[in-house]
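One structure is given below, encoded as C-alpha cells.
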Amino acid sequence: AWLAGAAGAKLRRRAERELAWSTEFSSRVLEEYKKFLTLKLAIDRRGAKLAAPPHVDSLWELHVIDTKEYAKVDLVRRDPDQDLDCAKHFLSRLATRAIVA
C-alpha cells in the first residue's frame, strides 16, 4: 500500500509542520491523497485528466519535494498546465449544468 507506515507518518508530520494542519486533518487528507493516487493512475491509463482537490494538491506538493520517498510511488507526473485545463473543463461543465438546470 502506498504511504503505509513510516512513509505516511513522515508525510503527515511534514504537513502538520509546514502547513499548520492538525493531526486529524492531515490524516484525513493523507487518506484522500492515497485515494487520489489510485484514481489518478487508473484515469491516466485511459487518457483522461484528473486534477487534485486543493488540500490533496498541497499534500502532493510536499510529497513531490521529498524525492526519495516520492520515487517509491512515482506513478503520477504533475503538470500544472494540465491542472489548469482540468479546472477550466470543470468550470465549463458547471456553467453548462447551471444553464441547463
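The values are calculated or read from the model by the stated rules, or taken from the named source; none is laboratory data. Treat the numbers as computed from the prediction; the structure is a model and nothing was measured. Please note: Cβ atoms are built from the backbone with ideal geometry, for glycine as well, and neighbour counts cover all protein chains shown. Protein only, heavy atoms only, side chains kept; ligands, DNA and RNA dropped before computing areas. Shrake-Rupley method; radii C 1.70, N 1.55, O 1.52, S 1.80 Å.
Scanning the range 37-60 for residues that are basic (Lys, Arg) and open to solvent by 40 Å² or more (accessible area, probe 1.4 Å) gives Arg45, Arg46, Lys49. Would you mind stating whether Lys34 is open to solvent by 50 Å² or more (accessible area, probe 1.4 Å), out of contact with any Cys (no Cβ under 6 Å at 6 or more places or on another chain) and assigned to a helix (DSSP H, G or I)? No; evaluated as a whole, the condition is false for this residue. Residue count for the range 43-56, restricted to those that are within 14 Å of the chain's Cα centre (by Cα) and of a type outside the set (Asp, Glu): 9. Considering only residues that are of a type outside the set (Gly, Ala, Ser) and surrounded by fewer than 10 Cβ atoms within 10 Å (Cβ to Cβ), look in the range 68-93 and name the one that is modelled with the highest pLDDT. The selected residue is Lys68.
When you scan the range 37-73, how many residues do you find that are outside any helix (DSSP H, G or I) and within 16 Å of Ala6 (Cα to Cα)? Don't jump to the end; show me each part of the working.
Filtering the range 37-73 down to residues outside any helix (DSSP H, G or I) leaves 46-53, 66.
With the extra rule that they be within 16 Å of Ala6 (Cα to Cα), the set shrinks to 66.
The number of residues fulfilling the criteria is 1.
A Cβ distance below 8 Å, combined with a sequence gap of six or more or placement on separate chains, defines the contacts here; from the range 1-22, residues that are touching a residue at least 40 places away in the same chain (Cβ under 8 Å) reach residues that are surrounded by fewer than 18 Cβ atoms within 10 Å (Cβ to Cβ) and not in a helix (DSSP H, G or I) in the pairs Lys10/Asp66; Leu11/Asp66; Arg14/Asp66. Is it the case that the range 13-28 has a residue that's under 12 Å from His63 (Cα atoms), in contact with a Leu (Cβ under 9 Å, 6 or more places away or on another chain), outside any helix (DSSP H, G or I) and not hydroxyl-bearing (Ser, Thr, Tyr)? The answer is no, given that none of the residues of the range 13-28 is under 12 Å from His63 (Cα atoms), in contact with a Leu (Cβ under 9 Å, 6 or more places away or on another chain), outside any helix (DSSP H, G or I) and not hydroxyl-bearing (Ser, Thr, Tyr). The residue that is modelled with the lowest pLDDT, among those in the range 6-31 that are within 14 Å of Glu69 (Cα to Cα) and open to solvent by less than 60 Å² (accessible area, probe 1.4 Å), is Ala7.
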